[in-house]
Each structure stands twice: as structure tokens, then as C-alpha cells.
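Derivation of every value follows stated rules applied to the coordinates shown; laboratory data play no part. Note that the structure is a prediction, hence the values are computed from the model and not measured. FYI the Cβ positions are ideal-geometry reconstructions off the backbone, even for glycines, and counts take in every protein chain you see.
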Amino acid sequence: MLEKIIIVEDEADIARILERRLAYEGYHVEVFYEGEPALERIYDDPPALVLLDLTLPDIDGLIITKELRAADVQVPTLMLTARDAIPDRITGLDVGADDYMTKPFNTDELMAHVRALLRRSAPEESQDAYKFADLILNPASRLASRGERVINLTAKEYDLLEFFMRHPNQVLTRDQIFDQIWGYDFGGESNIIEVYIRYLRSKLEADGEARLIDTVRGVGYVLRQ
Ligand code: CA
């Protein structure tokens, strides 16, 4: 039996399709049709992953994600949204969702997202902190710091920053970043890298510190002084 996955989805047909596919793949699956009971269950017994519908009868997926992050529950969340609007997607990521898919989705593609999220959140071997300039990234605590200032990172932000810290002064292309952080082809039009770079910069430079992640126009990004 693989990890436990909680599905929070009020549309019974979609919940059933997800449940069958995940169970078939060997995951232990629990389905909730409303947000509040799901949230209680996640607090009581955190699963490896939550598939979270945006619109639910009681509290919506954004509120659930916000509450989990506020309570410092580091369960990866994959937001499902029927709305195809970019602002909604960005909002989901802003509140700490790790990934999103728009409905209708292809279940094979969804499984690729699920595996990527589970792989990225798997416990890592203990190792020393990464250091670059005044920036320190600690793999054990998954916290960053600049000088005395401690910086909280979401799962995806951590993964992205760790990728840069492992390759300082090396230009990383958008394709390399997609492959490494999302583990599948996200599609050329996606602005998800730009979104996450913006999040990282706003956190790393919150006290007016020097920029460390530079844009290399038309290519990608580089960690450098
Ligand atoms: Ca819904």
C-alpha cells in the first residue's frame, strides 16, 4: 500500500473517477464531499497529498489551503479548479497550494502531477545546509535565512531554491527547471516559473537585500551575486 491521499471534491462523478484511479494505482484513498470534515481529518491524520476542489459547498479550497498553511501543516495540495482563469490559479498558488489542474483533466496527466508532488515531498537524506552569499538553505528544516532573518518557504518554493543552490552561477533554462521541479512537461505557455520566481524574490528580498536570482532573458535564471 502506498501513501494516503485525501480527495476533497463535491462532484460525485469526479470524486469517483479520482478515487478509482488512485486506488487502482495502489494509494489509500479517502474522499470528502465537504471542506470542513476534510480539514478536521487532515489535521488529525495528515495524508501524503490532498487533491482539493476549489469550489465546495461549505468552505472553498482556497480557505482550506490557507488554514493548513496557517497551522503549519505541510501537506502538499493539488488544487482542482473548473475555472480556467489565470487569476484564480495564481490565487491558489499564492495561498500555498503546490500545484493546480483545471477541469476537465486527463487522469493520466493528473497521475503524473500526483507522482511528481509525492516525489518532491519525500523525506530527504540528511545533508548540510546550502550556502550562497548571505543566503542559507537548510534541507532538514526546509527553511531559508538571510543574515538573522528566517524565511518560510512552501514546498515548491523550497524545491526551486534548492535547485538553484545546487547549481550556483549556472544558468538554468526554463526546460531544466520544469523537468526538475514539476517533473513533466507543463506546456510552453505556462507562466508558473515566472510566478514562483516572483514569490521567491519577494521572500528573499523582503528586507531590501540584494537580488540573487537573476533573469537571463530568453533563456532562464541564474543564482549569482
Ligand atoms: Ca466543486
Point to revise | In order through the stretch 97-103: 3J(HN,Hα) via Karplus (6.51 cos²θ - 1.76 cosθ + 1.60), integer Hz, x for Gly, Pro | key: 5, 8, 6, 8, 9, 9, 8
**Study point:** Calculated diffusion of the stretch 4-121, Stokes-Einstein form, Kirkwood radius summed over Cα pairs, 4 °C and 1.567 mPa s, µm²/s
**Key:** 93 µm²/s
Review point. Here are some pairs, LYS4/LYS156; LYS103/LYS203; LYS103/LYS156; which of them have Cα atoms lying more than 26 Å apart in this structure?
Key: LYS103/LYS203
Revision key, fill the gap. Taking r as the C-beta separation of ASP10 and ARG201 and R0 as 45 Å, the FRET efficiency to the nearest 0.05 is 0.80
Practice item. Give me the distance in nm between label points sitting 7 Å out from Cα along the Cα-to-Cβ direction at LYS66 and PHE163, one decimal. Key: 2.9 nm
Point to revise | Full-extension gain in nm, ARG115 to TYR43, via 0.36 nm per residue minus C-alpha separation | key: 23.7 nm
Exercise for review: Report the charge-dipole magnitude of the chain in Debye, nearest 20, computed about the Cα centre from +1 at each Lys and Arg Cβ and -1 at each Asp and Glu Cβ.
Suggested key: 920 debye
Review point. Going toward the positive end of the dipole of the chain, with +1 on Lys and Arg Cβ and -1 on Asp and Glu Cβ, which of LEU118, LEU62, ILE136 do you reach last?
Key: ILE136
Exercise for review: Working from the alpha-carbon coordinates of the chain, get Rg over Rh, Rh being the Kirkwood radius.
Suggested key: 0.97
Check your understanding: Under a point spin-label approximation (7 Å from Cα along Cα-to-Cβ), what is the VAL216-ASP58 distance to one decimal in nm?
Key -> 5.0 nm
Point to revise | DSSP beta bridges in the chain [antiparallel fraction, %, rounded to 5] | key: 50 percent
